[in-house]
Amino acid sequence: MPARKITMRKVKEILRLSLDSRLAYDQIAQSLGLSKGVISKYVRLATAAGLDWPAIEAMDEGELQRQLRGEPSGPAVFVAPDYGLVHLELRGKGVTLMLLWQEYCGKWAENSQVKPYQYSQFCENYRRFARTLKRSMRQVHRAGDKLFIDYAGPTVALTGGGKANIFVAAMGASGYAFAWATPAQTTADWLEGCVKALAFYGGVPQLIVPDNPRAVITQASRYEPRATDTVLDFACHYGCSVLPARAYHPQDKAKVESTVQIVERWILARLRHQSFHGVAEVNAAMAPLLEYLNNKPFQKLPGCRASVFAAIDAPALMALPLEPFELAVFKTVKVHIDYHVEFEGHRYSVPHALVGQTLEVRVTRFTLEILNRGQRVCSHARDGRRGGFTTIGEHMPEAHRAHAQWSPERLLAWGEQIGVATAGVVRKMLERQRHPEHAYRACLGLLSLGRRYGHARLEAASLMALQLGTCKYSHIRDILVNRGDQLPKTEAPEWSSPAHAHVRGPGYYQ
């Protein structure tokens, strides 16, 4: 099976997480479902091209692809450190892997024959060495680094029908807890819980760690889970990354597993005798219990979850974006020959030069954005009318725009030159359509009947149609054909006569 092609949008996400968020290669690899070799390749190409994140962010995907082209560098000879000594040094107070890696790089900086490992590979090799020494290791979380999320097993029954599912989040360093009730566990519910949690914490961590639910992960895999496009869009909006835990490894998110148990005991158990009609009532009842839980003193440590969060986690969180996150879904579409794309039965225009190309639409509650290789082409207000059209004049070819310059006023003026009844039929044709442009062809066809049957007969047929309450081109044509004996017997006007030049417009070209 051929390797899956990596899109430039995902390459751009790799460079954002590495150059802007400063995540390790293994974290980026797990988050995006790629190998560390791929991550290293594109970061190396960006470095060789002299690109930083601000410059990359301003580029479109085509320009970024051109900048990253080039021959890959040849293999280097790496020198391995003494990981046994590294393991002993780490026991010292204040000694970190970063400090030991910097000392290791300084030791070999002047030797041109060898090359030291990068920090991510240095850490990976050390962790592989450490796993040979002991079977388990206590997790130590950095301040503001990770937010663990999950759903509690127990639910809250609602008297109105259904159940409230309890979304739980916990900060890695402080354990500061958050709980929120949602109607289900869909993608929208997961992201609603995350949005509420980030607003509750007042900031954004570097990583959000769920398990592998189908609503969040496109392909749940023990080794290479992949998040959905909607979840990646959420992560891009907040400037963080979603790093799913390994499947069947709850110890990867032990912090939230223990928090779920605490929420069940200190919140849900206290609500077991209460009745709730809707999810909003459950959230209102949980709010004071959640505050009590976070301010409850630790048994063996000083302070509480709230105080530890305020001291270490809150200052380390990234700022919330100015605009709230809006749930979006993505779909691949192809531009039809009429320079429109279709979504849920409605058609939206794009620049006519894109006819035949495959684009991507990003759809929110109120808007629809059309993307070409990650670059926004245009946007429309979302319209739920099936079979309808939303067209922007600038997207049309020049010839089509010239045709679209016909206006209702122009058609009405032509109808009035034939007669009052004909103008009345034209007006009703235009008013029957939500967009008058959809009636233009029918109006032009109606006016062209005057060339075949004469103005007097068309005026009489239009009057009869108004009396019958039917103002369609086909009905008026049937009246002219099948009820000719009831109409005035006049000859069609001579269109070449100068006296009729002012009405030559619509009928002449039919």
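The values are calculated or read from the model by the stated rules, or taken from the named source; none is laboratory data. This structure is a prediction, so every number in the text was calculated from the model and none was measured. Heads up, the Cβs are rebuilt from the backbone with ideal geometry, glycines too, and the neighbour counts pull from every protein chain shown. The protein model used for the area step is the full one, side chains on, heavy atoms only, and it has no ligands, DNA or RNA in it. Shrake-Rupley method; radii C 1.70, N 1.55, O 1.52, S 1.80 Å.
General remarks:
- Shape index of the range 324-474: Rg/Rh, with Rg the Cα radius of gyration and Rh the Kirkwood radius from the inverse mean 1/r over Cα pairs, equals 1.12.
- Sequence-distant lysines (8 or more away, or on other chains) whose Cα lies within less than 23 Å of Lys296: Lys146, Lys196, Lys253, Lys255
- Each 10 Å bin from 0 upward holds the following percent of the Cα-Cα pairs of the range 228-276: 21, 26, 31, 21, 0.
- Counting protein heavy atoms only, the range 336-447 has 50 percent of its accessible area on carbon and sulfur, 1.4 angstrom probe.
- Sites Arg382 and Leu99 - FRET efficiency at Förster radius 56 Å, r taken between beta-carbons, to 0.05: 0.60
- Label point distance in nm, Ala269-Ile312, each placed 7 Å from Cα along Cα→Cβ: 2.7
- The phi torsions of the range 269-276, fed into the Karplus equation with coefficients 6.51, -1.76 and 1.60 and a -60° offset, translate into couplings of 5, 7, 9, 5, 9, 9, 10, 10 Hz, rounded to whole numbers, with Gly and Pro shown as x.
- Relative contact order computed over the range 297-407 (Cα-Cα under 8 Å; 6+ residues apart), in percent: 21
- Karplus 3J(HN,Hα) series, Hz, for the range 280-288 with 6.51 cos²θ - 1.76 cosθ + 1.60 (x for Gly, Pro): 4, 5, 5, 5, 5, 6, 7, 4, x
- When both the range 7-70 and the range 253-300 are represented by their alpha-carbon centers, they are found 41 Å apart.
- Per-pair calculated FRET efficiency, R0 = 56 Å: Glu344 and Phe298 via Cβ, rounded to 0.05: 0.60
- Cα-based Rg and Dmax for the range 231-365, where Dmax is the largest Cα-Cα distance (Å): 23.1, 70
- Mean accessible surface per residue for the range 348-468, computed with a 1.4 Å probe while every protein chain stays in place, in Å²: 54
- For Val79, residues with placed amide H under 5 Å, excluding near neighbours: Lys115, Tyr117
- Karplus 3J(HN,Hα) series, Hz, for the range 457-466 with 6.51 cos²θ - 1.76 cosθ + 1.60 (x for Gly, Pro): 5, 5, 5, 5, 5, 5, 5, 5, 5, 5
- Magnitude of the charge dipole for the range 405-468, about its Cα centre and with charges confined to Cβ atoms of Lys, Arg (+1) and Asp, Glu (-1), is about 200 debye.
- For the range 222-362: relative contact order, % (alpha-carbon pairs under 8 angstrom, 6 or more apart): 19
- Between Ala157 and Arg44, the contour length at 0.36 nm per residue exceeds the alpha carbon distance by 35.3 nm.
- Once the C-beta distance of Val420 and Arg477 is scaled by a Förster radius of 22 Å, the resulting FRET efficiency is 0.65 to the nearest 0.05.
- Whether the range 263-338 is rounded, prolate or oblate, judged on the alpha carbon gyration tensor where a/c under 1.5 counts as rounded: oblate
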